[in-house]
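Got a structure for you, questions after.
The values are calculated or read from the model by the stated rules, or taken from the named source; none is laboratory data. Worth saying up front: this structure is predicted, and the values here are computed from it rather than measured. Note that we place each Cβ from the backbone using ideal geometry, even for glycine, and neighbour counts take in every protein chain shown.
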Amino acid sequence: MSDQADDTEPIRDIPEFKDREVTGEKRKALIRAWRGYMSSRSQTDKKRRVQIDFTERALRELDELAARLGSRSRADAIRNAIAALKWIYRKKVEEGLDVVAIGKDDRVFEPEFGFLPESRGIRPASHPSTEKEAA
């Protein structure tokens, strides 16, 4: 793409102006600004395509969960699951807190997170297991 914005270039990729008719100098300025924004995004902000193999059952569960959560896509449901897992990891492994669910009757349920390093007796490499190691 050249540095020159022209009136023939579509601006449909600019979400705020997707359905608006913008012409002339304003159009050129918007296109230049959008290009600058897109080129300044860090590599971590850019989407990457990944392929994940699911069993039929797991895919059905993902779709059901996405529907219950009101997710726009499977990818949104997976991103939300990653965010929740990061929070659980931080609280349970890094901060050493219990992650529990409290029922309406005040009963406490502690789920098992057997996939977490601490749950398997493994400490994360980035965190020393004793104060002596930290010194």
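Residue by residue, here is whether (1) surrounded by fewer than 10 Cβ atoms within 10 Å (Cβ to Cβ); (2) touching a residue at least 60 places away in the same chain (Cβ under 8 Å); (3) aromatic (Phe, Trp, Tyr) holds:
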{"position": "ARG72", "(1), (2), (3)": "yes, no, no"}
{"position": "ALA75", "(1), (2), (3)": "no, no, no"}
{"position": "ILE78", "(1), (2), (3)": "no, no, no"}
{"position": "LYS86", "(1), (2), (3)": "no, no, no"}
{"position": "ARG90", "(1), (2), (3)": "no, no, no"}
{"position": "GLU94", "(1), (2), (3)": "no, no, no"}
{"position": "GLY103", "(1), (2), (3)": "yes, no, no"}
{"position": "PHE113", "(1), (2), (3)": "no, no, yes"}
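Going by the structure shown, is ASP6 at pLDDT below 65 and either assigned to a loop (DSSP other than H, G, I, E, B) or assigned by TED's automatic domain parsing to the domain that holds VAL99 (or both)?
Yes: the conditions hold for ASP6.
Taking the options GLU110, GLU131, name whichever one is acidic (Asp, Glu) and at pLDDT below 50. Working first, answer last.
On the way: GLU110 fails: at pLDDT below 50.
One residue alone meets the criteria, GLU131.
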